[in-house]
Structures are given as structure tokens and as C-alpha cells.
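These notes are about the structure you will find just below.
The values are calculated or read from the model by the stated rules, or taken from the named source; none is laboratory data. None of these values were measured; they are calculated from a predicted model. Note: ideal-geometry Cβ built from the backbone for every residue, glycine included; neighbour counts use all protein chains shown.
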């Protein structure tokens, strides 16, 4: 077991743990903080995959900017009086829970007990994959089109946000 | 690289037009003032132009932008379908009391309709997992906002919330499936996935799990059971125009993407010894069995629940779920015949479903209600509109001599040709159930005695013209269906597939 | 025979549509116009039917040969150039009559005409009523002259909606229930028929004379020729599982229309709730479509299955005859009684068909015609009394013979025809059916004759309850039958008597065709015996 594997399991454990904590916390501020921890772990996993640039961006954008904004909003709005949407355990929930567990077991079965011939990346090239240069090159050649479509997506999202915000003003 | 991109751009004219008009709609709306209809007209022109450009592309078959999207007859067909329904929806919107009552938000309405149309155009042509997800996101995002657009926050919160949560969950599941598929094959491009699967070394169980998760994303878009929970609430809460648009265009785009995904990823392009037009699955992966189950569940549940609905929008929502089930039958058979049958069904469905929604909108404009009781005696108060509604419903139920029958006929034909007898029988029985709830509305219109002195309901000339424009094809294509069949036959060709 | 370059069958089929458009144009206030247009249109239809009768060549057999069909009209309706994986799609506009359908064409024209007369005092939404009636007329006529399965199916379904409205809007108190029940039952049958039709389509190919390529076809005549079935297709071969299944699907589709037990429950409801004219059409024409479909489609296309299932068919016929008669006996409602008597009489048709010999077949088809005329009379008679007394309760009447002598006279003819009195048309056809069936199914036929006794019993009993006995004071002032009603009833009575005395008028039309049909079915059946 090499260092990378050890790091992966370590980070993975914290990653899953923090995600669970985030979902189960009642206090939104604490939940948001767990989410930040979660993002940091994700960034760490990116690093073990030689994706340095993405790891940095992950921390800067998500953990840094967006989550801080979230925490501020939560604190300012003082959402302590959270209302529960529904409490009772319905038939649907049991079925949903059962299906989720089934899916989890299935996935575990596949990835743990079955040999899968996953395509492996060339180790020498993989060092370069995560660099800014390599990402930039891909982003503006092969993936130029999705990149541009994303900008339209964001524009549409802004218009949508305006609709929601204007509703308050009306 | 630059030449390649420039060449791609020339084939990307419809989408470019939509993007330009998307921005134009915002700017024009801001200049023209808050309550102006200018944005709606800009959207109308933009979509009409884009559709026109899409028609110009008929016959070309090429992958553009380094294989991210393709322009082929299949995509062109769906662009035409989506464009046409968007035009009709915009015409509806000009006469919709709901939309006109929120005139100060016309800018957002027009521009988001354009964005949604753009998303659906991209869905029709995507051949890459990345593009697939992006296009679905663009469509969904616009429709979330449009669905909760007119009503005040408290009213539509449940519908919008349900829509977004279900949307997020299914997109998340789909992304997970996409990542597993990428992990298994090392490719995001549909054709490369096909090649990787053709080597036969991919773990079948993992592939199945990934496919089920991706189907969740498609299922959400086409509102197939069990991903349909959002449909009735959203259809009821949204303005009728948007409901109609979701039920036709959004569904069409979802089907287009799904059929392309399954055909280009999982079909053995070099299978030998099959009759023309029949497909073989790679690695013996029988994903169509999965879709068969989905199809039966979808149409049966849609039809059975529709029987109990008293709100016309909800009734049509469940009916549209059922119709998604019928159309899934066409995908199950693994043949070009099945694919063509789905395309034929969509042309027919465009006219009859939009027509039914339009009548619902007109009646709601006059009476302010979509309840089935408001239709009592309508047949005597507004004979033309009611007769049109009867024709649309009869067509939805699939009874000749309407176009809906032709749609069903070709679906059943494809099923029987591939010896899927039991599925055909289930579909046939379902159409009998569906007749019951359609006839409930017809009964209220004609059989329930009108309040004797009720005034006749009069509709303006342009409104009647729109009804006729949808009514005449519904009957005409039932009697002379050569054009739609020929169009569908020519449109099943996908780029890069035999 | 052509007028203005259009064949006579097209005229007789689509003339009502022309009438419907005329009715829709005429303003609502013009009540007499709205009545006279349909009357004139259906009158012309009767004349056209008469011309077909006059020009009909009795020696030509038809059934499965194009040469034997008369007044043929054939044109390409849909012709979609094929792609390799779909093949060419051709649907033909193909009309023709032979000995099997001629009697039904005559019946349809006649009953439609009489139905319009019987609708004279409809006052609610007359315009819509007449438009629907005429649309229905086109559908019915089309079913009997279509020789392309697709065309047949379209006509078959076109009838549904007008019928739904005619029962649902102009019917009795429980009209909504009766109308939707009729609609759903019939649609259930027709979707099964649709599946069988598509399966047939993909199994049968013919060579297109124009281009020489092999094409799939909906042509009924081609579907009757075993040589046209593509080897390896779903319905190829003889006596296979799929062929039996397709036969059963078709059978259910037609059985619902006949109606054959246990699919009969829609009939009493529909008959009772429908207005008089529509009951006349239902019993007079619509029920015949089921048996006509069996003879035109099921028997010659699936002779192997028809022979295989012949005993079950005879048993169902027995059940229909006896069960229908028993139910009729228990009824207090005049219309319901006649409705159940229809079930019983249609059982006789089925029994004749199950005989699989010429005698039985002639009896069956002749019984179809006779039942059409006789039951139409019976429903008209009920209509007459209901218009006056506004009740159909059999026990409420008594001694009507004194107050309404003319009415009683017509009624007696109809009743005696219905119970099969010699000298009236019903006797001949029933006798033929039973004689034919006796040769094939001895025991079942003997049991079936029980139905005749029961029929005589309930008919006479009814006659006694309504017309004889103590006159009920309440109905003392009832006016006798009027001229318009007589005008509707007398032609039918004349036909019933004329055919009773001289049945060859009708039987000669059909013998050569039915002979041929029996040969075709027998030949297909014996093929099934040889493995």
C-alpha cells in the first residue's frame, strides 16, 4: 500500500463522514461548516489524482467564496426557526430507503468483489493533466464548445435569479 | 483548429440565432419598457428564424465542435418539432390571460423561453456526455423559473420546490451514472463509448447500474414513472402555456437525447445477419427490457391516475405521462421502425396535445377555472371550441380517423413486427382506459345539460384561427399520413450510425 | 356503375357525409330543412341500393376473388415510398360487394331511411342529432362495402363517436352510463382487432402490379389466400399458436359487437337508453357488423382456426339463444325484452355460421337480414307506445287492441315474425340455420331449439299482457298509430311478409357467394388436418 492509497482512504473517510454530518445537523451554520470541510477533502482527493489546478480552484471558489457567502447569508437571515417539511415515515420513504441501500450494496459488490478492467491512464502523461496549461489547452480547443455553452447557462441562471428576486420586490 | 471552429459555426446557425436573440430579448425588453410585449415578439422572431435555419440544414449529417454535437436528420427533425411548438406556445402566450397579467415580466418570459429552446436544440444534437448534462441543465434551469413564473411565491412554492428537488436529485443520479460510465469506458464521446463497449471487456453489472442512473435523468425529463412525481404539481402550478411547452417540447428533447444515447452507445453497428433496420445490443446488454418495464409502469400509472383527476391541467399531466409510456414502447423494440414510430407519434402529439392545452387555456381565460365542472354544457355555449376539443381528445385516445390513431398504429406495428406481443396488448388495453377519462370531459361538454340561460362563449378570430391551425392537421394527418411517415422515415438517420 | 365519374359504392357510402355538411350549414331555426335533408339523402341511398340490387349478378361468388366482386372501386389511398427497413406502405381505397355484403348494404340503406322517419319528433338539438345520424350512416355503409382491412377499421371506428353522442345526448335517464359502456366495450374489442390487423399486415405480401416489388398489404382478399403469407412471418403456416391467438383477438372484437355471451352486457343498457331511431339502428345494423366481420374476415382468413373453434362457437350460440330467451322472459321493460330477444336471435345467426355448410350459412346471413327488419319493427313499435304513454312497463298496459287496432295489427306481424311463424321471413332463416347446424352439431342444435319454444312463450305472453285482457282505463284515450309511423312500419312489414312467402328474392343473392365461402373455409380447415 503506497502513500497515495493511504491518503485516499484517509481523505475518503473524512469526506464521507463530513458529508453525513452535514446532512444530519439541525443547525444550518454547523452544517455549512461541515460542507466546507467536505470541500477541503475533495480538494485533497483531486491532489492525489494530480489535478492540482482543480484542487486549488475547488478551495478558492467553493470552500472560499461560495461557502463563506453561504455562511454569511445563513447568519444574517438567522434561519434558526427551520420548519420540518414532513416527519412521518411513509411507505414511500421506506421504499426509497430500501432502494438506496440496495444501490449501495450493488455498487460495493461491483467495485469491491468484481474484477473490473478499468482503463488506466498513462502515468507519465497524468502528471501534466492537472496543470493550468494542460487544462487551458483542453478548455479552449476540444472543450471550447461546452465551455461557451456554460456561459449561456450562467446567463439563463442570472435571468432566473432576477425573476426570483423581482418577485420579492413586486 | 480555427477553420474547424468556423466551419462548425456555419452549421451551428440555428443555435447561434437563438443565443443572439436571447441577448436581444433582454436588451430590447429593457429599452422598450417593462410592460411592453417587445420581448415576446423578439422571441417569436428568433425562434421562427432558428427553426427556418434548422430546416435549411435538412439532409446534412456532420459532427461539429470536435464531436460535441452533431447536425444530422435526427437532430434536425427534433429541432423542427421543438421550434414549431415554441412558436405555437409564444402565439398562445400572446392570448394567455395568465401571461398577460404579469406583463412586467415579459422580458424574463421571452428570454427564458429562448434559453430553454436553445437547451432543447442542444439536447437534440448532443453526442457527448458532457454536452448531454449541460444541455439538460440549461433546459431544466429555464423551466424551473418559467414553471413558477406567474403565481405568487406561496402558491407555487410547492410545485417549484418539488420540481427543483426532483430535478436536482435526478440530475445528480445521472451525473453519477455518467461518471461511472466514463470510468468504465474512459470516454465521454458516445461513439468512443460504443467502441469501448464493442471490445467486450466492460463489466456488465456496473454498466447496468450506470445505465439505470442515467435513465433516471432521462426519465425525469420525459416524466416516466417512477420519476414523474413532479409532473402533476408542476403542470398544475405553471401557466398553461409553459405546461403545454413542457409536455411537448421538453418531452421531445428528452426522448431525442435518450434515443440517441441508447442507439449510439449501445447498438452494435456491425451486427451481421439482421433484417434491415433491426438493431443488436452490444455485449448482449438488454437495456430495452428495462425500458419495457418503465414503459408499462408509465402508461398504466398515468392512465389509471388520470381517471380520478378533476382538474384539466392535472388530467392532461397524467395523460402526458401515459403518452410518454406509449412512446417508450417504440424505443423498446430496437429497430428503426420503432424509432420512426416514435417520431411519427411526436408529430401527431404536437398537434393534438398543444390543441388540448390551448382549449384549456381559452376556457380558463374566460372562466378562470380549469375544473372539469366548468366544462359542463360548454358544447352548447361554444360549439366550435368544444368540437375541436372532442377531436383532440379522440385523437389522444387514438381513435380513427384522427392523427392520434396513426401514431398508435405505427407504434403497435413496430411492436408486432418485432414480436413484442404482450407489450402491444398492454398498450392497446391502456388506450381503452385512457378513453374513459377523455370522454369524461366530452361528457361534461355535451351530455351534461347546460345551465339553460348561459351565455354563449365567444372567442376572437385569431384565437379561432390558432385552434383551426391545430385542428386541421389533427384530422388531415389521420386520413392522409404519407407526409408525416415520410418525414419520420427520413429523420431516423443518425450521424455515424448505419 | 358510375355517376359523375364516381362509383356507386362511393356515392352510397359518402352521400350521408354530404348530407351532414348540408345539415351543419342549414341554420338551427330551419327545423323542417334539418329533417328533410337527411330524409332525402337516405331516400337517395335507398334508391342507390335498389340500383345495386337490380344490377347485381347473382352467379358471381366473390369472397376471396377480385373477379367475383361487383361494383369494385380500387384506388391507391396511401402510398409511401419505402425505405429499405420499412418497405412500401400501401393502403387502398377498395370497395366492392358480393353475395355476403349485398343484403347488408340493402339493410343499411333501408334501416337508415326508416331511422330518419322515426326521428321526426326529436326536438332537442336537432341539428347535431341529424349530423351524427348521417355520420353514423356513412360508417355503417362503409363497413359493409370496404374490402381493405384498414379502410374497414376506419369505418368501424368512425361509428363509435356518433353512437356515443346519440345515446348520450338524446337517450333515456341512464344515458351517460349506457353511452360510455357502449363506447368502452366497443373500443376494447376494436383495439384487439387492430392488433390482429397489424399482425396480418406484416404477414401478407403481394406483388405490386405496377412495379413488380413485393409489398405488404391490407387487402382483405389477399389475406384470404394462404399462398400470400410470408414464410416465417407471425401468422404464416396453418394451425399455429399465433394464428389461433389472432383469431381469438378478432373474435372478441366482433363478439362484443354481436354481442356474444359474456360480452353482451352493454347491449340491454344501450338499447334501453337509446332513442327509438337509434335502437332501431343498433339492433338493425350494428349487431350485424359483428357477424358480418366474422364471415368476411375471421372465417376466410383463419379457416384453420375457424374449424378448430367451431364447437366452442356453437356452444356460445346455444348460450346466446337460450340465455337471451330466458332473460327476455324475465323482463318487465318492453325495450329490454326486445334487447334480450336480439341476443337470442343473434345466437341463431351464430348457430347457422357454426354449421359450416351452405344451408347453415344461408340461414345465418338471411337471419341477419331478417333480424334487422323484424327487430327494427319491434323497436319502432315500442317507440310508438312510449311516445304516447311515456312508459314501457309491460304490466302497465292491457287490452290495447281495443283502443289501437291498427297498431295491434302491425305489432302482430312483427311478433309472429320474431317468433318464427311459417309464412313470415323469420321462419325461413331460422329453419335454415337449425337444419344446417343439425348436420354438424346434433346435440347442440337440439338443445338450441329450446330457445324457439321460449321465444314463442315470451312473445305470446307479451302480446297477451299488452294487447289482450282487460283494457286499462288509464290508456283509454290513446290515439292510434299515425301516418308517419305507419309509413316507417309498413315497408318493413311488407318485406317481412314478402320474404316469408318468396324467400328466393334474398336467398338467391347470397347462395353462390356463401357456397364459395364454405368451400374456402372447408379447404382451409382440411389443410389444418394434414400436419
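Values computed for the structure shown
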read-out: Residue check for residue C:167: surrounded by 24 or more Cβ atoms within 10 Å (Cβ to Cβ), under 23 Å from residue C:278 (Cβ atoms) and within 11 Å of chain B (Cβ to nearest Cβ); value: yes
read-out: Residue in region B:420-443 that is within 22 Å of residue B:471 (Cα to Cα) and without any contact (Cβ under 8 Å) to a residue 12 or more places away in the chain present; value: yes
read-out: Of all residues making up region B:226-257, the number that are closer than 29 Å to residue A:93 by Cα and over 12 Å from the mean Cα position of the chain (by Cα); value: 13
read-out: Of residues in region C:147-156 being out of contact with any strand residue (DSSP E or B) (no Cβ under 6 Å at 6 or more places or on another chain) and either buried (at least 24 other Cβ atoms within 10 Å of the Cβ) or in contact (Cβ under 8 Å) with a residue 40 or more places away in the chain (or both), the one farthest from the other protein chains (Cβ to nearest Cβ); value: C:149
read-out: Odd one out for residue C:199 among (1) buried (at least 19 other Cβ atoms within 10 Å of the Cβ); (2) in a helix (DSSP H, G or I); (3) under 24 Å from the mean Cα position of the chain (by Cα); value: (3)
read-out: All positions within region A:148-157 that are more than 7 Å from chain B (Cβ to nearest Cβ) and either modelled with pLDDT under 90 or buried (at least 16 other Cβ atoms within 10 Å of the Cβ) (or both); value: A:148, A:155
read-out: Options B:115, B:86, B:103: the member that is modelled with pLDDT of 90 or more and within 14 Å of another protein chain (Cβ to nearest Cβ); value: B:115
read-out: Selection within region B:372-383 - more than 12 Å from chain C (Cβ to nearest Cβ) and assigned to a loop (DSSP other than H, G, I, E, B); value: B:376, B:382
read-out: Options B:269, B:292; residue that is in contact (Cβ under 8 Å) with a residue 60 or more places away in the chain, more than 27 Å from residue B:119 (Cα to Cα) and not in a helix (DSSP H, G or I); value: B:269
read-out: Among the candidates B:44, B:49, B:40, B:18, residue that is within 13 Å of chain A (Cβ to nearest Cβ), buried (at least 17 other Cβ atoms within 10 Å of the Cβ) and in contact (Cβ under 8 Å) with a residue 24 or more places away in the chain; value: B:18
read-out: Selection count, region B:400-409, where residues are at the interface with another protein chain (Cβ under 9 Å from one of its Cβ atoms), at pLDDT 90 or above and in a loop (DSSP other than H, G, I, E, B); value: 0
read-out: The listed residue being more than 17 Å from the chain's Cα centre (by Cα) and farther than 30 Å from residue C:479 by Cβ, out of C:398, C:347, C:423; value: C:423
read-out: Number of the exception - residue B:395 against (1) in a helix (DSSP H, G or I); (2) away from chain C (no Cβ under 14 Å); value: (2)
read-out: Positions within region C:211-222 being farther than 18 Å from residue C:253 by Cβ and touching a strand residue (DSSP E or B) at 6+ places or on another chain (Cβ under 9 Å), in sequence order; value: C:213, C:214, C:215, C:216, C:217, C:219, C:221, C:222
read-out: Qualifying positions in region C:59-78 - touching a residue at least 12 places away in the same chain (Cβ under 8 Å) and surrounded by fewer than 15 Cβ atoms within 10 Å (Cβ to Cβ); value: C:59, C:66, C:75, C:76
read-out: Test: residue C:212 is within 24 Å of residue C:81 (Cα to Cα) and in a loop (DSSP other than H, G, I, E, B); value: yes
read-out: Residue match in region B:139-151 (condition: more than 30 Å from residue B:185 (Cβ to Cβ), more than 9 Å from every other protein chain (Cβ to nearest Cβ), touching a helix residue (DSSP H, G or I) at 6+ places or on another chain (Cβ under 8 Å) and surrounded by fewer than 24 Cβ atoms within 10 Å (Cβ to Cβ)); value: yes
read-out: All positions within region C:67-105 that are in contact with a strand residue (DSSP E or B) (Cβ under 7 Å, 6 or more places away or on another chain), away from chain B (no Cβ under 14 Å) and not in a helix (DSSP H, G or I); value: C:69, C:70, C:71, C:72, C:73, C:74, C:94, C:95, C:96, C:97, C:98
read-out: The listed residue being within 14 Å of another protein chain (Cβ to nearest Cβ), modelled with pLDDT under 90 and not in a helix (DSSP H, G or I), out of B:67, B:59, B:29; value: B:67
read-out: Among the residues listed as B:386, B:369, the single one being away from every other protein chain (no Cβ under 14 Å) and surrounded by fewer than 24 Cβ atoms within 10 Å (Cβ to Cβ); value: B:369
read-out: Matching entry among C:245, C:194 (being free of Cβ contacts under 8 Å to residues at least 60 places away in the same chain, out of contact with any strand residue (DSSP E or B) (no Cβ under 7 Å at 6 or more places or on another chain), within 21 Å of residue C:350 (Cα to Cα) and within 14 Å of another protein chain (Cβ to nearest Cβ)); value: C:245
read-out: Residue under evaluation residue A:103, criteria (1) farther than 23 Å from residue A:6 by Cβ; (2) at pLDDT 80 or above; (3) surrounded by 12 or more Cβ atoms within 10 Å (Cβ to Cβ), criterion not met; value: (2)
read-out: Whichever residue in region B:410-428 is within 7 Å of chain C (Cβ to nearest Cβ) and within 24 Å of the chain's Cα centre (by Cα) and, among such residues, is nearest to residue C:189 (Cα to Cα); value: B:428
read-out: Single unsatisfied condition, residue B:309 versus (1) in a helix (DSSP H, G or I); (2) surrounded by 18 or more Cβ atoms within 10 Å (Cβ to Cβ); value: (1)
read-out: For residue C:189: the one exception among (1) part of a helix (DSSP H, G or I); (2) closer than 23 Å to residue C:63 by Cβ; (3) more than 9 Å from chain B (Cβ to nearest Cβ); value: (2)
read-out: Boolean, residue B:134 is touching a residue at least 40 places away in the same chain (Cβ under 8 Å) and more than 24 Å from residue B:361 (Cβ to Cβ); value: no
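For (1) farther than 24 Å from residue C:504 by Cβ; (2) crowded, with 23+ Cβ neighbours inside 10 Å; (3) out of contact with any helix residue (DSSP H, G or I) (no Cβ under 7 Å at 6 or more places or on another chain), each residue gets a yes or a no:
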| residue | (1), (2), (3) |
| --- | --- |
| C:416 | no, no, yes |
| C:421 | no, no, no |
| C:429 | no, yes, no |
| C:448 | yes, yes, no |
| C:463 | yes, no, no |
| C:467 | yes, no, no |
